[in-house]
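A.B. asks: This is the structure I have questions about; it appears just below.
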Amino acid sequence: MYQPSSRRREYEVAGGGHVLDLETAVKDGILGGGDRVVSGGGGTGEKLDLKKMVEELDSIEVPSVFICPISLEPMQDPVTLCTGQTYERSNILKWLSLGHFTCPTTMQELWEESVTPNKTLHQLIHSWFSQKYLAVKKRSEDVQGRALEVLETLKKVKGQARVQALKELRQVVTAHDSAKKTVVDNGGFGLISSMLGRFTTHAVGSEAIGILVNLDLDLESRANLMQPAKVSLVVDMLNEGSIETKINCTKLIEMLMAGRDFESGIVSSLSLLAGLLRLVKDKRHPNGVLAGLGLLKLISSHEGVRSSVVSIGAIPQLVEILPNLNAECVELSLYILEVLSTLPEGRLALKDCPNTIPNTVKLLMKVSENCTQLSLSILWAVCGLAPEEYASVAVDAGLAAKLLLVIQSGCNPVLKQRSAELLKLCSLNYTATIFISKCKLTRTIQ
């Protein structure tokens, strides 16, 4: 939906409340114009299509005088009622066809049903959108031209000059969608990809990866980037680069994993997994934590890599950071832990971590229903290994009381059933009286 402009000053038209003096209004800057009225498409005098301009400029702030009070969208065919209020023709005709004989804005009864084209306002709307459209188009052309110039420069320079050129190109493609297409259409991907390899400096690699994550990569491009030397460089930079570079490395690896020809062996590198864990534990950079967990979740979804994730100690490290994560990161972490709990070694790692039960119990009925479901699955994996030992630990941590809350809540039936089964497992080591008192005590404490 378009946002009306906050400008308050208006120029009056007889009974209509709209701008009459087009030249004065635009020159005065009231409606965001420049020093002249533009009614055509450049030097040819060809009239620009208003519908096309409105569609392409849908994200800009539009003066409120251009907005139809019914649809809250810019008017393309404004007409005025006998009350002096102006609307988009199709909207007001629909209002009248429904049997309404009042003005939608003022609720005045209409003494005449005819509508009058507001040609002055239509001209002003067309002029304003033409100015904006041509300005955007010119900026886009300028940006595309600059992108081409930088690509040509990159073919000739080396060393620090190459780093500077890459940095400028990264800034351009990050800020302008048109530049991204220009880079891809003019061989930019091949040029930038060729700079990644065994002997690439981190300065060049950082800027090059920052460009690549902003491009639309096809299957051939992704295959090119999955060459061992290129993947090795990305992994090195994930471990040693700046936080921005590390995040870009996770994005690039995610893009590579989206291809149908992706082989999970590429992400089974212990160096890659260790770098991700360092990233998710660095609480100074929440964006890095989120990016790292997102990629780790994607990697963990590949069954052949899960053993490697467990082997580098991911489970105890994820369990320890659970209390300090925001809701989105908690859900990602629980997903990873739940997936890893499907492995025997994953369940053992969860069991051996002293904070698995207390940290997971605290998340029941805390974040979301999905988090509760993942937490229950993890607790089942631990308590099921040795019910006599871990069920009592779980009860002392407040599990029984939390399970009662789940059962009494509006959660889905499957979740309630699973909670009831786990509650039954927890009660095996207690008499009914003692178990009930335990539930009451932990609920009081919580």
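A.B. asks: Does Ser5 fit the bill of being small (Gly, Ala, Ser) and modelled with pLDDT of 80 or more? Spell out how you get there, then give the answer.
C.D. replies: Numbers: small (Gly, Ala, Ser): yes; modelled with pLDDT of 80 or more: no.
Answer is no for this residue.
A.B. asks: Just checking, how many residues over the range 174-184 are open to solvent by 60 Å² or more (accessible area, probe 1.4 Å) and in contact with a Ser or Thr (Cβ under 8 Å, 6 or more places away or on another chain)?
C.D. replies: The qualifying residues number 1.
A.B. asks: If you don't mind, another one. Return the residue satisfying two criteria in turn: it lies in the range 58-68 and is crowded, with 17+ Cβ neighbours inside 10 Å and touching a helix residue (DSSP H, G or I) at 6+ places or on another chain (Cβ under 9 Å), and of such residues it is farthest from Glu109 (Cα to Cα).
C.D. replies: Checking each candidate, the answer is Val62.
A.B. asks: Residues of the range 131-160 being closer than 20 Å to Thr245 by Cβ and open to solvent by 30 Å² or more (accessible area, probe 1.4 Å), which ones?
C.D. replies: Gly159, Gln160, listed by residue number.
A.B. asks: Shifting gears a bit: Please go through (1) within 25 Å of Val136 (Cα to Cα); (2) in contact (Cβ under 8 Å) with a residue 24 or more places away in the chain for Gly197 and return the number of the only condition it doesn't satisfy.
C.D. replies: Checking Gly197 against (1) within 25 Å of Val136 (Cα to Cα); (2) in contact (Cβ under 8 Å) with a residue 24 or more places away in the chain, the one that fails is (1).
A.B. asks: Going through the range 324-348 one residue at a time, which ones are in a loop (DSSP other than H, G, I, E, B) and among the β-branched types (Val, Ile, Thr)? Give the steps one after another, and end with the answer.
C.D. replies: Of the range 324-348, the ones in a loop (DSSP other than H, G, I, E, B) are 325-326, 341-343.
Listed by number, the list holds a single entry, Thr342.
A.B. asks: Might you let me know whether the range 108-120 holds any residue that is within 23 Å of Val62 (Cβ to Cβ), open to solvent by 50 Å² or more (accessible area, probe 1.4 Å), in contact (Cβ under 8 Å) with a residue 60 or more places away in the chain and not basic (Lys, Arg)? Before the answer, list the steps.
C.D. replies: To start, the set of residues in the range 108-120 that are within 23 Å of Val62 (Cβ to Cβ) comprises 115-120.
Add one more test, that the residue is open to solvent by 50 Å² or more (accessible area, probe 1.4 Å), and what stays is 116-117, 119.
This time we only want the ones that are in contact (Cβ under 8 Å) with a residue 60 or more places away in the chain, so: none.
No, the range 108-120 has no match at all.
A.B. asks: If you check every pair at least six apart or on different chains, which have Cβ atoms under 9 Å apart with a residue in the range 306-318 that is at positive phi first and a residue that is open to solvent by less than 10 Å² (accessible area, probe 1.4 Å) second?
C.D. replies: Close Cβ pairs satisfying both conditions: Gly313/Leu277.
A.B. asks: Out of (1) modelled with pLDDT under 95; (2) buried (at least 17 other Cβ atoms within 10 Å of the Cβ); (3) closer than 30 Å to Glu244 by Cα, what's the single condition that is false for Leu296?
C.D. replies: Just one mismatch for Leu296, condition (1).
A.B. asks: Given the conditions (1) touching a residue at least 24 places away in the same chain (Cβ under 8 Å); (2) more than 24 Å from Asn186 (Cβ to Cβ), which single one is not true for Leu256?
C.D. replies: Single failed check for Leu256: (2).
A.B. asks: Report the residue count in the range 393-410 for those that are under 34 Å from the mean Cα position of the chain (by Cα) and either open to solvent by less than 10 Å² (accessible area, probe 1.4 Å) or under 22 Å from Ile315 (Cβ atoms) (or both).
C.D. replies: 3
A.B. asks: So which residues in the range 365-392 are open to solvent by 60 Å² or more (accessible area, probe 1.4 Å), modelled with pLDDT of 85 or more and in a helix (DSSP H, G or I)?
C.D. replies: Correct list: Glu369, Asn370, Gln373, Trp380.
A.B. asks: Let me ask something else. Name the one entry in Gly346, Gly265, Gly304 that is within 28 Å of Gln227 (Cα to Cα) and touching a helix residue (DSSP H, G or I) at 6+ places or on another chain (Cβ under 6 Å). Show your work before the answer.
C.D. replies: Details: Gly346 fails: within 28 Å of Gln227 (Cα to Cα); Gly265 fails: touching a helix residue (DSSP H, G or I) at 6+ places or on another chain (Cβ under 6 Å).
That would be Gly304, the only listed residue that is within 28 Å of Gln227 (Cα to Cα) and touching a helix residue (DSSP H, G or I) at 6+ places or on another chain (Cβ under 6 Å).
A.B. asks: With the structure loaded, tell me whether Gly187 is open to solvent by 40 Å² or more (accessible area, probe 1.4 Å), under 23 Å from Glu220 (Cβ atoms) and in contact with a Leu (Cβ under 8 Å, 6 or more places away or on another chain) or whether it fails that test.
C.D. replies: Judged against the criteria, Gly187 is a match.
Let's see how each residue does on (1) crowded, with 16+ Cβ neighbours inside 10 Å; (2) more than 21 Å from the chain's Cα centre (by Cα):
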residue: Val172; (1), (2): yes, no
residue: Gly205; (1), (2): yes, yes
residue: Ile209; (1), (2): yes, no
residue: Asp216; (1), (2): no, no
residue: Met237; (1), (2): yes, yes
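A.B. asks: Next question, about the same structure. Under the condition of being in contact with an Asp or Glu (Cβ under 9 Å, 6 or more places away or on another chain) and either hydroxyl-bearing (Ser, Thr, Tyr) or not in a helix (DSSP H, G or I) (or both), which residue from the range 411-429 is surrounded by the fewest Cβ atoms within 10 Å (Cβ to Cβ)?
C.D. replies: From the range 411-429, those in contact with an Asp or Glu (Cβ under 9 Å, 6 or more places away or on another chain) are 411-412, 415, 428-429; that's our starting set.
Narrowing further to those that are either hydroxyl-bearing (Ser, Thr, Tyr) or not in a helix (DSSP H, G or I) (or both): 411-412.
Details: Cys411: 17, Asn412: 11.
Here the residue is Asn412.
A.B. asks: Sort out for me the helices (runs of 4 or more DSSP H) sitting completely within the range 17-132 that have 1 or more residues that are modelled with pLDDT under 90, outside the structural domain of Ser178 (by the TED database) and closer than 30 Å to Asp177 by Cα. Write out each step before concluding.
C.D. replies: On the way: elements: 22-27, 50-56, 89-97.
Counting at least 1 such residues, we get 22-27, 50-56.
A.B. asks: Can you spot a residue in the range 343-363 that is open to solvent by 70 Å² or more (accessible area, probe 1.4 Å), more than 24 Å from Gly304 (Cβ to Cβ) and over 24 Å from the mean Cα position of the chain (by Cα)?
C.D. replies: yes
A.B. asks: Which number in (1) touching a Phe, Trp or Tyr at 6+ places or on another chain (Cβ under 9 Å); (2) at pLDDT 90 or above marks the one condition that Cys353 misses?
C.D. replies: Answer for Cys353: the failing condition is (1).
A.B. asks: Output yes when any residue across the range 84-103 is of a type in the set (Phe, Trp, Tyr) and crowded, with 19+ Cβ neighbours inside 10 Å, and no when none is. Spell out how you get there, then give the answer.
C.D. replies: At the first step, the residues of the range 84-103 found to be of a type in the set (Phe, Trp, Tyr) are 87, 95, 101.
Adding the requirement that they be crowded, with 19+ Cβ neighbours inside 10 Å leaves 87.
Yes, the conditions are met somewhere in the range 84-103.
A.B. asks: Within the range 194-203, how many residues are hydroxyl-bearing (Ser, Thr, Tyr) and either closer than 14 Å to Glu240 by Cβ or crowded, with 21+ Cβ neighbours inside 10 Å (or both)? I'd like the intermediate steps shown before the answer.
C.D. replies: Going through the range 194-203, the residues hydroxyl-bearing (Ser, Thr, Tyr) turn out to be 194, 200-201.
Those still in the list that are either closer than 14 Å to Glu240 by Cβ or crowded, with 21+ Cβ neighbours inside 10 Å (or both) too: 200-201.
Summing the residues that are hydroxyl-bearing (Ser, Thr, Tyr) and either closer than 14 Å to Glu240 by Cβ or crowded, with 21+ Cβ neighbours inside 10 Å (or both) in the range 194-203 gives 2.
A.B. asks: Let me ask something additional. For the subset of the range 243-288 comprising residues that are over 21 Å from Glu320 (Cβ atoms) and of a type in the set (Lys, Arg), which member is most open to solvent (accessible area, probe 1.4 Å)?
C.D. replies: Looking at the filtered set, the residue picked out is Arg260.
The values are calculated or read from the model by the stated rules, or taken from the named source; none is laboratory data. Since we're looking at a predicted model, the values are computed, not measured. Quick reminder, even Gly has a Cβ in these numbers, built from the backbone with ideal geometry, and neighbours come from all protein chains shown. Ligands, DNA and RNA are excluded from the accessible area calculation, which covers all protein heavy atoms including side chains. Shrake-Rupley method; radii C 1.70, N 1.55, O 1.52, S 1.80 Å.
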